[in-house]
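One structure is given here, and the rest of the page talks about it.
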Amino acid sequence: MRNLFFLFVLLNLGYAGLAQSGAAALHKQLQAATADTARLPLMLELSNYYRLREPDSSKIYARQAEALAQQLEDDAAVIRALLIRGMLAHRQAREQEAVALFHRAARLAGSGGQQALLGSARQNLALVYKRMGRQDSAFYYFTAAEQDFTEGGNPYENWHVYFGLSELYEGQGQTREAEAYLVKALQVTQSGDSRMDQGFVLYHLAEKYFMADRFADFAKVQQQWEALQQDNHSAAEILEHPGHYSMARLFLTDDTATLARIDRAYGHYLSGGNLFMAGWSQENRGQYFEQNEQPAAALQAYEKGLRHYTAAGAHLRRGMVQQRLYQLYKARGETAAALMALEQFRQLSDSLNTAEAEAHLRELQVAYETDKKEQALRIQDLEIRQKTQQRNGLIGLVALLVLLGVSIGFGLVFRLRTQQRLSAQSAQLQEQRIQQLEQQQKILAFDAMLEGQEQERARIAQDLHDGLGGLLTSVKAHFGQYATTAAPAGLKARTQALIDESCVEVRRISHNLMPRSLALYGLKGAVEDLAGQLRQSGLRVDLEIRGDLASIPERQQVTLYRMLQEGTNNILRHAQAQSVLLQILLHGGQLTLILEDDGQGFKPAQSSSAETLGLKGLRSRAQFLQGTLDIDSVPLEGTTITFQMPVGQPLNPAAL
């Protein structure tokens with residue numbers, strides 16, 4: 001409950017600026033905006049604003065923003081809308097929906113090179129899987145998110161990853177690893193400028209040390225907390241708002257074990273001579289009693305802490321305790337004691353403010369004196385430079401005359417060598433032109449060979465279909481008319497089945513050699529036909545084609561279709577999948593092909609050592625098309641094959 005309370009306070013502090021302005025200002029800006037490009041970020045901001053306040057409103061704005069972003073082809077905005085929807089589903093315990101949304105965001109961010117957004121999607125996946133009890137998946141996605149944030153140029157976000165890994169290890173009882181990641185999270189927040197993030201991690205680290213009776217480490221965290229506050233506030237601000245300057249939330253409890261732990265901490269600090277932390281322990285003891293409505297015990301603890309602070313010279317914390325004493329004495333009706341505590345508080349506050357002002361004045365005086373001395377040194381240095389420049393000018397003139405004579409001689413030598421080098425470069429360029437012509441001849445010859453192979457495939461397919469296929473059809477027709485009572489029982493049925501199977505096999509071989517749909521309807525029709533075959537085999541297929549595939553050269557269309565044939569055959573033979581996602585996106589001369597299944601997957605690191613013929617075929621064809629192939633597979637979660645290539649680029653015959 002302490003963690004939840006502290007998180008609530010931090011969130012309130014983090015969203016304070018937005019809460020003050022409210023949603024009204026955003027709504028007003030949205031109504032005034034006329035361009036869709038201006039409306040889109042406002043809709044995303046409203047969706048994020050309502051995410052922790054009105055989930056239904058947040059969902060509506062997220063869906064509207066997603067639709068508008070798709071219309072504008074703004075992939076980054078689509079990803080942000082999906083992330084907001086996923087976080088809403090996660091908050092409402094709809095884990096499966098959240099996982100699906102985060103996976104969509106991750107796929108889109110990965111294909112678009114949005115590393116930082118990919119890190120956010122994977123980090124949220126890790127949080128959902130951790131909540132679902134799937135610790136291995138959570139660890140995998142936390143680790144992947146760390147790499148994404150680092151490669152995406154946003155390493156500060158890794159503090160969320162390290163904090164999540166710390167909780168993951170803590171849940172498994174691995175306290176040493178949990179502490180190490182919590183310390184890493186603190187180091188990352190200290191590299192940024194967010195006091196809220198740093199205070200959040202410091203609080204959890206302090207709680208860990210306090211609950212483990214590690215009071216020396218707890219004291220270090222307390223000192224870091226104090227330094228963080230003093231760096232950002234003056235003494236007057238701290239004394240006016242002491243609630244922002246303590247870890248009191250850690251001790252606002254009625255658990256007697258907490259009181260016993262505070263007493264053990266006090267004994268530890270007192271025996272070690274650390275009067276400052278001993279005073280802080282008594283201050284915490286007073287907070288505990290005050291929370292549990294024991295004012296007499298609270299006064300006693302505060303008075304004891306005040307003595308320790310006075311002895312340690314901790315004037316700021318002394319003033320905070322005196323303020324608490326004043327409020328408690330006033331509440332108990334002890335007017336004299338309350339007035340004395342208030343007077344001491346005011347005197348200390350005035351002295352602290354005066355000390356800060358004097359220190360600031362001393363800093364200004366030191367800066368003025370330093371600037372004055374530096375100005376005198378600059379004048380002296382300028383005079384020395386002028387004299388040095390005059391002397392150097394005479395020396396330079398003599399040296400220039402000498403160098404002029406030497407330069408003329410070297411110039412003649414350099415000109416001769418330059419002519420020789422240009423002659424050598426000209427010969428080298430001529431040799432390169434010859435090599436380029438030879439390479440072009442090789443490419444033309446290889447292209448002609450490929451065209452001949454495809455024509456031969458077409459001829460064989462036609463012969464199979466018209467020749468052997470026609471013969472099998474005739475045999476089937478004649479056999480259908482044949483009947484005898486002397487034949488053994490079932491012979492005719494078995495023979496008929498074999499003939500049918502032979503006809504189907506001939507059609508299948510003919511289709512694989514040269515699909516008619518590719519010749520008749522181009523790559524788009526052939527892919528749609530291939531998707532239909534997959535559906536007939538019992539798979540659920542989602543097909544998405546964007547762009548004019550007819551603009552792709554015929555040779556590249558054939559090779560792309562062969563790659564899809566190989567990939568889908570692998571799914572049918574090995575994946576044991578239920579559904580398949582097939583996307584072909586053509587935009588700006590760049591083609592992206594994604595083939596994804598939810599099958600049993602494999603480990604790419606293991607398959608690379610003994611790569612199957614199918615994977616080798618995919619890689620060789622990818623190299624032939626001058627493209628890049630990425631195979632991402634997770635055991636029991638599926639496989640994603642992503643291929644990207646520039647359309648119309650020269651082919652690479654050396655790849656085959």
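The values are calculated or read from the model by the stated rules, or taken from the named source; none is laboratory data. Not measured: the values here are computed from a predicted model. Positions of Cβ are generated from backbone atoms using ideal geometry, with glycine treated the same way; all protein chains shown enter the neighbour counts.
Details
- Scope the stretch 67-79; condition modelled with pLDDT of 90 or more and surrounded by 22 or more Cβ atoms within 10 Å (Cβ to Cβ); matching residues: Val78, Ile79
- Residues in the stretch 335-369 that are modelled with pLDDT of 70 or more and of a type outside the set (A, V, I, L, M, F, W, C): Thr335, Glu343, Gln344, Arg346, Gln347.
- Options Gln322, Gln327, Gln294: the member that is more than 46 Å from the chain's Cα centre (by Cα), among the polar types (S, T, N, Q) and buried (at least 21 other Cβ atoms within 10 Å of the Cβ): Gln322
- Residue ID - surrounded by the fewest Cβ atoms within 10 Å (Cβ to Cβ), chosen from residues in the stretch 608-634 that are among the hydrophobic types (A, V, I, L, M, F, W, C) and modelled with pLDDT of 80 or more: Val634
- Of everything in the stretch 129-161 that is among the small types (Gly, Ala, Ser) and in a loop (DSSP other than H, G, I, E, B), the residue that is farthest from Gly86 (Cα to Cα) is Gly153.
- Looking only at residues of the stretch 549-577 that are among the small types (Gly, Ala, Ser) and closer than 17 Å to Leu595 by Cα, we find that the one that is surrounded by the most Cβ atoms within 10 Å (Cβ to Cβ) is Gly567.
- Condition check for Leu572 on (1) out of contact with any Ser or Thr (no Cβ under 7 Å at 6 or more places or on another chain); (2) modelled with pLDDT under 90: one failure, at (1).
- If you go through the stretch 67-119 and keep only what is out of contact with any Pro (no Cβ under 7 Å at 6 or more places or on another chain) and not in a helix (DSSP H, G or I), you end up with Glu73, Asp74, Ala93, Arg94, Gly113, Gln114.
- Counting the residues of the stretch 578-606 that are loosely packed, with under 15 Cβ neighbours inside 10 Å, in a loop (DSSP other than H, G, I, E, B) and modelled with pLDDT under 90 gives 3.
- Within the stretch 165-213, if we keep just the residues that are assigned to a loop (DSSP other than H, G, I, E, B) and small (Gly, Ala, Ser), the residue that is modelled with the highest pLDDT turns out to be Ser191.
- Scanning the stretch 30-66 for residues that are of a type in the set (A, V, I, L, M, F, W, C), part of a helix (DSSP H, G or I) and surrounded by 13 or more Cβ atoms within 10 Å (Cβ to Cβ) returns Leu30, Leu40, Leu42, Met43, Leu44, Leu46, Ile60, Ala62, Ala65.
- Pair list, Cβ under 8 Å, 6 or more apart: the stretch 109-122 residue closer than 14 Å to Leu82 by Cα, other residue basic (Lys, Arg): Leu117/Arg80
- Number of the exception - Thr559 against (1) assigned to a loop (DSSP other than H, G, I, E, B); (2) in contact with a Lys or Arg (Cβ under 6 Å, 6 or more places away or on another chain): (1)
- Among the residues making up the stretch 126-147, a single one is among the basic types (Lys, Arg) and closer than 19 Å to Trp159 by Cβ: Lys130.
- The residues in the stretch 284-301 that are of a type outside the set (Gly, Ala, Ser), in a helix (DSSP H, G or I) and either in contact with a His (Cβ under 6 Å, 6 or more places away or on another chain) or more than 17 Å from Arg264 (Cα to Cα) (or both) can be counted, and the count is 5.
- The residue that is surrounded by the fewest Cβ atoms within 10 Å (Cβ to Cβ), counting only those in the stretch 170-203 that are over 19 Å from Gln147 (Cα atoms) and of a type in the set (Phe, Trp, Tyr), is Tyr203.
- So Leu259, is it over 46 Å from the mean Cα position of the chain (by Cα), assigned to a helix (DSSP H, G or I) and not small (Gly, Ala, Ser): no
- Identity of the residue in the stretch 86-127, among the charged types (D, E, K, R) and surrounded by fewer than 24 Cβ atoms within 10 Å (Cβ to Cβ), that ends up farthest from Asn48 (Cα to Cα): Arg107
- Just so you know, in the stretch 516-548 the residues that are more than 24 Å from Thr639 (Cβ to Cβ) and not charged (D, E, K, R) include one that is surrounded by the most Cβ atoms within 10 Å (Cβ to Cβ), and it is Leu518.
- Check on Arg317, of a type in the set (Lys, Arg), modelled with pLDDT under 80 and closer than 25 Å to Gln347 by Cβ: yes
- Within the stretch 91-113, the set of residues being within 20 Å of Tyr61 (Cβ to Cβ) and over 18 Å from the mean Cα position of the chain (by Cα) comprises Arg91, Gln92, Arg94, Glu97.
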